[in-house]
Each structure stands twice: as C-alpha cells, then as structure tokens.
Amino acid sequence: MSRNQALEKVGRARVAYVLLQKGWCVGEAFDDGYDLLAHQPDHNTTCYIELKTMDSSNRGAGTNLTAPVSTKERETCTHIIVYLEPEGRYFIARKNNILTDHGNIFAATNEQGELCIPRENSNSFAKYEDAWDELLK
C-alpha cells in the first residue's frame, strides 16, 4: 500500500467518525463516483461526498495544495471534503463552490506552507474549514 492509499483510508475513517458523531448515517461508496454516502435523518438530507486527502508535510515550500476531481466525481458528488494532514484539518463545501473551471480543487499556501487567506471570489477550499453545516445546504 502506498502512502497516499493509506492516507485515503485514514481520511475516510476520520471523516466518517466525525459525521457519525454529528448524527449522520455514513456508508462507503464503491465505484459510484463519490467516496462516502451520508444521510442526516433529522434534516432528511443526503450527501454524496467526494473525499480528497492531502499531506501538506510532503509538499515543497510555496506549493499550492491542489487535487483533480474526475469527470465522474464532478457529475456524481454533491459535496467535497478535503482532509489535510498532518494537522487533521477538515474543509467542507458544496462542489460548485470550490471546483475550478478545469475541475480541480486548490488552496494557496505561503512560503512556510501555511494556507493563505483566500480572496473573496476565490474557489479556494481554505475558506470552508470546519464548515460542517455546508452539508445541510
């Protein structure tokens, strides 16, 4: 198993655990174009979540955090959650709020590797840290 595969498994488990604590019912999706299926029975809301995991500690200085979202994922998911290691940070948004025109997600970093504050009209996922309520929108 590669480091990225291991991080993906850890990210799925951590996101599922947080959602379960918040009263969501969570299941894994297999080859459906999204990673997690989450249902919030109190609000009768169902989300098709694409999970992107990133390890900022293995990125070069001043390198932005980016990840492609496949055509199938873009068509199928309703939300994207980014799980960022080593800090264990979560970024939650509706897909249309963070996808670029080319089908990527990104967040700019400074020379120290810290996330930059995004511009107002930016598609950066950085402005959605711990925005769990985005799943109810």
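The values are calculated or read from the model by the stated rules, or taken from the named source; none is laboratory data. Note that this is a predicted model, so its numbers are computed, not measured. Note: ideal-geometry Cβ built from the backbone for every residue, glycine included; neighbour counts use all protein chains shown.
Just need a number here: residues in segment 1-26 that are over 20 Å from K137 (Cα atoms) and touching a helix residue (DSSP H, G or I) at 6+ places or on another chain (Cβ under 9 Å).
Of the residues in that region, 2 qualify.
Within the bounds of segment 63-85, is there any residue that is touching a residue at least 60 places away in the same chain (Cβ under 8 Å), in contact with a Gly (Cβ under 6 Å, 6 or more places away or on another chain) and not basic (K, R)?
Taking every residue of segment 63-85 in turn, at least one turns out to be touching a residue at least 60 places away in the same chain (Cβ under 8 Å), in contact with a Gly (Cβ under 6 Å, 6 or more places away or on another chain) and not basic (K, R).
Scan segment 124-137 and give yes if some residue there is farther than 16 Å from T66 by Cα, surrounded by fewer than 12 Cβ atoms within 10 Å (Cβ to Cβ) and more than 12 Å from the chain's Cα centre (by Cα), otherwise no.
Taking every residue of segment 124-137 in turn, at least one turns out to be farther than 16 Å from T66 by Cα, surrounded by fewer than 12 Cβ atoms within 10 Å (Cβ to Cβ) and more than 12 Å from the chain's Cα centre (by Cα).
Scan segment 1-23 and give yes if some residue there is of a type in the set (K, R), part of a strand (DSSP E or B) and modelled with pLDDT of 95 or more, otherwise no.
No, segment 1-23 has no match at all.
Take the residues in segment 79-105 that are of a type in the set (G, A, S) and closer than 23 Å to A13 by Cβ, then tell me which one is modelled with the highest pLDDT.
Going through the qualifying residues, I end up with A93.
Where in segment 41-99 are there strands (runs of 3 or more DSSP E), lying fully within it, with 1 or more residues that are of a type in the set (F, W, Y)?
45-55, 79-85, 89-94
Quick check on segment 39-46. Is at least one of its residues free of Cβ contacts under 8 Å to residues at least 60 places away in the same chain, touching a strand residue (DSSP E or B) at 6+ places or on another chain (Cβ under 7 Å) and buried (at least 17 other Cβ atoms within 10 Å of the Cβ)?
no
Are any of the residues in segment 25-38 more than 11 Å from the chain's Cα centre (by Cα), of a type in the set (G, A, S), surrounded by 14 or more Cβ atoms within 10 Å (Cβ to Cβ) and part of a strand (DSSP E or B)?
yes
Inspect all residues belonging to segment 79-96 and state whether any of them is more than 18 Å from K127 (Cβ to Cβ), among the aliphatic types (A, V, I, L, M) and surrounded by 15 or more Cβ atoms within 10 Å (Cβ to Cβ).
no
Within segment 97-123, how many residues turn out to be surrounded by fewer than 17 Cβ atoms within 10 Å (Cβ to Cβ), under 19 Å from E73 (Cα atoms) and touching a Lys or Arg at 6+ places or on another chain (Cβ under 7 Å)?
1
Out of the residues in segment 47-78 that are modelled with pLDDT of 95 or more and among the acidic types (D, E), which is surrounded by the fewest Cβ atoms within 10 Å (Cβ to Cβ)?
Here the answer is E75.
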